[in-house]
Amino acid sequence: MRHICNQIIDMRIITRSALVAAMALSFFIACQAPNSTSKSETTKEVETPVNKNSTRKTILFFGNSITAAYGLEPAEAFSSLIQNKIDSIGLEYECINAGNSGETTKGGLSRLDWVMKEPIDIMVLELGANDGLRGYSPEETKANLEQLIQKFMMKNPNSKVLLAGMKVPPSMGDQYFLEFEQIFTELGTIEGVVLIPFLLENVAGIKELNLPDGIHPTAEGHRIISETVWAKLYPILEK
């Protein structure tokens, strides 16, 4: 069951240049996968709830095609690389990859109960970008994420949530861009939530760090993502 789980210029001062827009669009589309995605390119956890069969604490990676490591081997996913880090320093944590390509916040909310049949200690929440791509209202996306976080914490008292911040391309308009970004900034103030400002820092829009489709991170891209997540995750792990 264990599917071991950039630098974009500050968007507030971004110009309208075609290069910047292309970079932003690249990372944003990366959060969804083609409709032809095969079952092997998602994760088993989409179909199977967390079934904790050891005394190790559990870290749930809950997201879309980035978490699912679309187009890569399971061992190349950033969640798997984080598991390697955990194992190398002897910490008792198990990473569970529950990535689902194309997932929206509404979809994630509807399947959350299914993946937390057993207690979870930390959730790395990577959802929202597909909402932005489809033009959903920031209010709706924020409400879904907030409800998802609250439901998780009610089921798992004293747990932590690492919220992966995302951005939308500037072509969607300044107001929408700012409102979407604010979703994560505001949710990051909730007690028990640790904000990762931008999950695709140093990866988005960089050709060599994305697959030939130009939109999904390569294995090296996932390595960089794992470092971004680890910087926020490691301080909250019980040593």
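Read-outs: derived from the displayed coordinates by stated rules, not from any lab. Keep in mind that what you see is a predicted model, and the values were worked out from it rather than measured. So basically every Cβ, Gly included, is an ideal-geometry build from the backbone, and we count neighbours across all protein chains shown.
Annotation for Trp114 and Ile190: the two label points, set 7 Å from Cα along the Cα-Cβ direction, are 2.1 nm apart.
Peptides 212-225, 183-196 ordered by packing proxy, namely the average of other Cβ atoms within 10 Å per residue, highest first: 212-225, 183-196. Working ranking of peptides 144-157, 61-74 by packing, defined as the average number of other Cβ atoms within 10 Å per residue, highest first, is 61-74, 144-157. Label separation (Gln150 vs Arg134): 2.2 nm, computed from points 7 Å beyond Cα along the C-beta direction. Amide H to amide H, with H built 1.01 Å from N, Glu94 comes under 5 Å of Lys57, Thr58, Ile59, counting only residues 5 or more places away or on other chains.
Across the stretch 179-239, the mean sequence separation of Cα contacts (distance under 8 Å, 6 or more residues apart), normalised by length, yields a relative contact order of 26 percent.
Here's how it looks for Leu163: its modeled amide H is under 5 Å from those of Leu125, Val194, Leu195, Ile196, which are all 5 or more places away or on a different chain.
In terms of the mean number of neighbouring beta-carbon atoms within 10 Å, the peptides 163-173, 105-115 order highest first as 163-173, 105-115. Taking Cβ atoms as reference points and 13 Å as the exclusive limit, the residues near Glu140 contribute a net charge of -1, counting Lys and Arg as +1 and Asp and Glu as -1.
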